[in-house]
Amino acid sequence: MGLMKFGKFTICCLSALSLTALVSCSDRRPRTFSERTKRDTSNDYIIQVVEDTEPDTETAPSEPWDFNGQIVIFFGEGFNSKDFINETMELIREHYGLTTEKDLNFIVPLVYPDDLKDGRITSAASITDKLTSGYIIIGAPVDTDLMTTKLSDDYYGHINYPVISLLPSNTSDRNILGQEASCTLILQYGKKIQGLPLQELGRHLIINSINLITGMHKEFGYKANFNIGAELIIPAQYICGDTYTAEAYIDPVMNIPSINHFVFK
């Protein structure tokens, strides 16, 4: 049995007989056109949550840094200024005790719209490679659903690493529904804030999202993701931290809760 610490929670890897959240792991990479006629099977792990008294997430990791994957951070609308990006990257460096540029190469920043090839948001999907262990989107602009759908299509609809959308700036039905269909998690703040408080909240969520991804990497290997049907409120609440409470987003038309879209306040 393996243990993974998520703030207040301990995640215990159990057999497939347990009826809690699923984590899927594999060494799959994005498929070329000729390879998309074949499917791989993956190893599945069940995780169970046990309440404990570990400190909150925003403390420096006590173990030596040993993460050898890469995490893409897509800096979208409201979070794409040079100051915000530089301060966020510096916070990441301090949080993990990284001392060289080589250490920091595990983060691949992608800035909207400057880094989009020919201005096409779908090009943001092409930056991933076999080392990609997570994709964090903050401030998802219009048409982000096209990009996340492209990511999903490259894995036959089941991406084998977390794709986490934080504080989407465009909340149109199409953009949100498309992300719900192709992202692992969407976290939306339930109050209207802007400026410095919003950016500070964004950094808090980014750090906790990195902690989640690297924690999954250490436990399961660099390719791990939560399966559809998992108790996703658990990682959602972990990313929010103890200060906030996450609840399932309720579709205003259908009046049903989402399984991977959460609102916190």
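The values are calculated or read from the model by the stated rules, or taken from the named source; none is laboratory data. Because the structure is a prediction, the values reported are computed rather than measured. Don't worry about glycine lacking a Cβ; one is built from the backbone with ideal geometry, like all the others, and counts go over all protein chains shown. Areas reflect the complete protein model, heavy atoms only, side chains present, ligands, DNA and RNA absent. Shrake-Rupley method; radii C 1.70, N 1.55, O 1.52, S 1.80 Å.
Here are the numbers for the structure shown:
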quantity	calculated
Some residue of segment 88-95 being surrounded by fewer than 16 Cβ atoms within 10 Å (Cβ to Cβ) and among the basic types (Lys, Arg)	no
Enumeration of residues in segment 234-265 that are assigned to a helix (DSSP H, G or I) and more than 20 Å from THR132 (Cβ to Cβ)	ILE234, ALA236, GLN237, TYR238, CYS240
Selected residue (criterion: modelled with the lowest pLDDT) from residues of segment 201-233 that are among the polar types (S, T, N, Q) and either touching a helix residue (DSSP H, G or I) at 6+ places or on another chain (Cβ under 6 Å) or not in a helix (DSSP H, G or I) (or both)	ASN227
Qualifying residues in segment 96-110 (those that are over 26 Å from ASN160 (Cα atoms) and touching a residue at least 12 places away in the same chain (Cβ under 8 Å)) - the one surrounded by the most Cβ atoms within 10 Å (Cβ to Cβ)	LEU98
Residues (open to solvent by less than 10 Å² (accessible area, probe 1.4 Å) and not aliphatic (A, V, I, L, M)) located in segment 184-213	GLY202, ASN208, SER209
Residue within segment 111-119 that is assigned to a loop (DSSP other than H, G, I, E, B), among the small types (Gly, Ala, Ser) and surrounded by fewer than 23 Cβ atoms within 10 Å (Cβ to Cβ) present	no
Where ASP145 falls short, out of the listed (1) without any contact (Cβ under 8 Å) to a residue 60 or more places away in the chain; (2) more than 17 Å from the chain's Cα centre (by Cα); (3) surrounded by 18 or more Cβ atoms within 10 Å (Cβ to Cβ)	(2)
Residues of segment 152-176 satisfying the condition of being in a loop (DSSP other than H, G, I, E, B) and under 16 Å from PRO141 (Cβ atoms)	LEU167, PRO168, SER169, ASN170, THR171, SER172
Complete set of residues in segment 181-225 that are under 24 Å from TYR96 (Cα atoms) and aromatic (Phe, Trp, Tyr)	PHE220, TYR222
Selection from segment 177-200 of residues that are assigned to a helix (DSSP H, G or I) and within 24 Å of GLU231 (Cα to Cα)	LEU177, GLY178, GLN179, GLU180, ALA181, SER182
Unmet requirement for ALA246, which otherwise passes all of (1) surrounded by fewer than 23 Cβ atoms within 10 Å (Cβ to Cβ); (2) under 24 Å from SER172 (Cα atoms)	(1)
Test: PRO257 is in contact with a strand residue (DSSP E or B) (Cβ under 6 Å, 6 or more places away or on another chain), without any contact (Cβ under 8 Å) to a residue 24 or more places away in the chain and either on the phi > 0 side of the Ramachandran plot or of a type outside the set (Lys, Arg) (or both)	yes
